[in-house]
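Visitor: Can you read through this structure? Questions will come right after.
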Amino acid sequence: PSAHEAWYNRGNTLESLWHYEDAIATYNRGLSDFSDDFRLWHERGLLLAKLQRFESAIESYDRAYALQPKQRDLAHERGDALLQLKRYEEAIVSLDTFLRYAPGNAHVLTDRGYAFYQLDRFEEALQSLNQVLKTERRDRNSLIRAHYYQIETLRQLGRFEAALRSSQEAMKQHSEELFKTQHDALKRQIADD
């Protein structure tokens, strides 16, 4: 392999062996010689995010993005790191960049809905979450998260009957206890009003 691929392969091997600090040092060493290598910046960012060093991960993603601005996964991964840092406005911008390339991605739409929810922008949250629930192509985790936050968003908007119907639907589709808890809390809230 070329020299920059050798650094990339060595870093990946060390990471697969759980030698994370050695893998980061390997990526850093490779980048000292090949600072314009997109893959080294990207892999370094992924590993730093895995280690919950989100600020450093974002710096790596940004360097990779400067080299390949049409790489959609960087926008998604950067958005995920920003969500972890509770920088929701910035996360939405990154997630929207990803969605320009993959408009119906359930995972990213769920993350986007969650970010809007955290910002108390409930109507925008509901739009993203409803889109996930209507799409055919969705993973189980995204579906559960979207359903949960859709119900919570409806509660925040005072649409208790719609939230109750959604929670009943969620209980039919999923065995997770959180939907029963949510349903019971909604029933109590409706009874108290």
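Visitor: Specify the angular offset, from 0 to 90 degrees and rounded to the nearest 10, of the alpha carbon long axis of helix 20-33 from the longest principal axis of the alpha carbons in the chain.
Guide: 50
Visitor: Report, to the nearest whole %, how much of the accessible area of the chain belongs to carbon and sulfur atoms, 1.4 Å probe, protein only.
Guide: With neighbouring chains kept in place, the figure for the chain is 47 percent.
Visitor: Could you tell me how many degrees, from 0 to 90 and to the nearest 10, lie between the Cα long axis of helix 88-101 and the main elongation axis, the longest principal axis, of the Cα atoms of the chain?
Guide: That works out to roughly 80 degrees.
Visitor: Within 10 Å of each candidate Cβ there may be at most 10 other Cβ atoms; applying that plus a DSSP loop requirement, which GluC sites (Glu not before Pro) in segment 129-193 survive?
Guide: Passing sites in segment 129-193 are Glu136.
Visitor: For labels at Glu89 and Lys180 in the simple 7 Å Cα→Cβ model, what's the distance in nm?
Guide: 4.2
Visitor: For the chain, what is the calculated [θ] at 222 nm in deg cm²/dmol (nearest 500), taking -39500 (n - 2.57) for each run of four or more DSSP H residues and dividing by its residue count?
Guide: -26000 deg cm²/dmol
Visitor: For the chain, modelled as a GNM with alpha-carbon contacts under 10 angstrom, which of Asp37, Asp139, Asp96 fluctuates the most?
Guide: It is Asp139.
Visitor: Mind pulling the angle between the C-alpha long axis of helix 106-118 and the longest principal axis of the chain? Nearest 10 degrees, somewhere in 0 to 90.
Guide: Long axis of 106-118 versus the principal axis of the chain: about 70 degrees.
Visitor: Only Lys, Arg, Asp and Glu count, each charged at its Cβ (+1, +1, -1, -1), so figure out the dipole size of the chain about its Cα centre, rounded to 20 debye.
Guide: Value, rounded to 20: 480 debye.
Visitor: Near Asp139, within a Cβ-to-Cβ distance under 14 Å, what is the net charge of the other residues, with Lys and Arg +1 and Asp and Glu -1?
Guide: +2
Visitor: If you place +1 on the Cβ of every Lys and Arg and -1 on the Cβ of every Asp and Glu, how big does the dipole about the Cα centre of segment 1-92 come out, in debye to the nearest 20?
Guide: Roughly 120 debye, rounded to the nearest 20.
Visitor: Write out the trypsin sites (Lys or Arg not before Pro) in segment 112-193 meeting two conditions: DSSP loop, and at most 11 other Cβ atoms within 10 Å of their Cβ.
Guide: Arg137
Visitor: How much net charge surrounds Asn9 when only other residues with a Cβ under 15 Å from its Cβ are counted (Lys, Arg +1; Asp, Glu -1)?
Guide: Once all neighbours under 15 Å are counted, the net charge is -2.
Visitor: Now for a different question. Rounded to the nearest whole Å², what accessible area per residue is found for segment 1-156 with the 1.4 Å probe?
Guide: Normalised by residue count, the accessible surface of segment 1-156 is 52 Å².
The values are calculated or read from the model by the stated rules, or taken from the named source; none is laboratory data. Keep in mind that this is a model prediction, so the values were computed, not measured. Note that we place each Cβ from the backbone using ideal geometry, even for glycine, and neighbour counts take in every protein chain shown. Keep in mind that these areas ignore ligands, DNA and RNA; they rest on the heavy atoms of the full protein, side chains included. Shrake-Rupley method; radii C 1.70, N 1.55, O 1.52, S 1.80 Å.
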